[in-house]
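Student: Please see the structure below; I have some questions.
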Amino acid sequence: MAIEMHGTTILTVRRGGTVCVGGDGQVSLGQTVVKGDARKVRRLAGDQVIAGFAGATADAFTLLERLEAKLEQYPSQLTRAAVELAKDWRTDRYLRRLEAMMIVADKNVTLTLSGAGDVLEPEHGIAGIGSGGDYARSAARALADETDLDAEAIVRKSMAIAASICVYTNTSLTIEKISAS
């Protein structure tokens, strides 16, 4: 029986002309924390795109490399690059086996990508993936509706809430943001 790998929460919030993507640092193998400070949020395309990944690390890095290539092919066209990656991910025999999800964002758009061919723009400018993604997304929705906090503050508070609920999420955060201005 294979040990199931858990441990990622990625959250993005778009608010007030800023998009902020945050990811926790915990990687767990079964019931053991094997790393507490992994960096699951990266900048791509000359720092114009932020990508956060959940899933198998090697698979996620393969997808990040493929996305970077698509962004070179379609500069400043994140949606087009994401759709082209999703097509490849869905149809390529090698890529089809990859187990990961991604959130990508630039100054204009936020997208969630999956191996099922999904390229989804989230409602309310908020998306979460990974084992604690639903907790973080729920907290972010409530904070966005009930407070005047900026995008980064919402990400930080929501990730803390997710870490207090999900045993596969910790408070060692990587936060990246892009402002439209």
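Student: Provide the convex hull volume over Cα atoms per residue for the range 115-181, in Å³. Present the calculation step by step, with values, prior to reporting the outcome.
Tutor: Working: hull volume 7.7 nm³, N = 67.
Enclosed volume per residue, from the Cα hull, is 115 Å³.
Student: Which translational diffusion coefficient, to the nearest whole µm²/s, is obtained for the chain from the Stokes-Einstein equation, given a Kirkwood hydrodynamic radius over C-alpha pairs, 37 °C and 0.692 mPa s?
Tutor: Details: Rh = 16.1 Å.
Answer from the Stokes-Einstein relation: 204 µm²/s.
Student: Summing Lys, Arg as +1 and Asp, Glu as -1, what charge do residues with Cβ under 10 Å from the Cβ of Gly22 carry, Gly22 excluded? Present the calculation step by step, with values, prior to reporting the outcome.
Tutor: Numbers: positive: Lys40, Arg156, Lys177; negative: Asp24, Glu152, Glu176.
Counting the neighbours of Gly22, the net charge comes to 0.
Student: By counting other Cβ atoms within 10 Å of each Cβ, how are Glu65, Glu146, Glu176 ranked from fewest to most? Don't skip to the end; give the middle numbers.
Tutor: Details: Glu65 11, Glu146 8, Glu176 21.
The order, fewest Cβ neighbours first, is Glu146, Glu65, Glu176.
Student: A further question on this structure: Tell me the label-point distance for the pair Asp118, Arg43, using the 7 Å Cα-to-Cβ offset, in nm and rounded to one decimal.
Tutor: 2.9 nm
Student: Mind sorting Tyr74, Tyr168 by how few other Cβ atoms lie within 10 Å of their own Cβ, fewest first?
Tutor: Starting with the residue having the fewest Cβ neighbours, the order is Tyr74, Tyr168.
Student: Can you find, among Thr112, Ala60, Leu149, the residue sitting farthest towards the positive end of the charge dipole of the range 32-181, where Lys and Arg contribute +1 and Asp and Glu -1 at Cβ?
Tutor: With unit charges placed on the Cβ atoms, the residue in question is Ala60.
Student: Can I ask one more? Highest GNM mean-square fluctuation, the chain, Cα pairs closer than 10 Å: which of Asp145, Asp88, Asp37?
Tutor: For the chain, modelled as a Gaussian network with Cα springs under 10 Å, the answer is Asp145.
Student: What percent does the relative contact order of the chain come to when contacts are Cα pairs within less than 8 Å and at least six residues apart?
Tutor: Answer for the chain is 33 percent.
Student: Continuing with the same structure: Pulled fully out, how much extra length does the chain show between Ser172 and Phe61, if you take 0.36 nm times their separation in residues and subtract their Cα-Cα distance? Each step should come with its number before you reach the end.
Tutor: On the way: separation 111, 0.36 × 111 = 39.96 nm, distance 2.01 nm.
Between Ser172 and Phe61, full extension yields an extra 37.9 nm.
Student: Distance check, please: which entries in Lys40/Lys177; Lys107/Lys177; Lys35/Lys107; Lys70/Lys107; Lys107/Lys157 exceed 20 angstrom between their Cα atoms?
Tutor: From Lys40/Lys177; Lys107/Lys177; Lys35/Lys107; Lys70/Lys107; Lys107/Lys157, over 20 Å: Lys35/Lys107; Lys107/Lys157.
Student: Also, I was wondering about something else. Given the DSSP H assignment, sum -39500 (n - 2.57) over each helix run of at least 4 residues in the chain and divide by its residue total; what's the result at 222 nm in deg cm²/dmol, nearest 500?
Tutor: On the way: 4 runs with 60 residues, N = 181.
Taken over the chain, the calculation gives -11000 deg cm²/dmol.
FYI, it's all coordinate maths here, none of it is from the lab. It should be emphasised that the depicted structure is a prediction, and the values quoted were computed from it without experimental measurement. Counting neighbours? That spans all protein chains shown, and the Cβs are built from the backbone with ideal geometry, glycine included.
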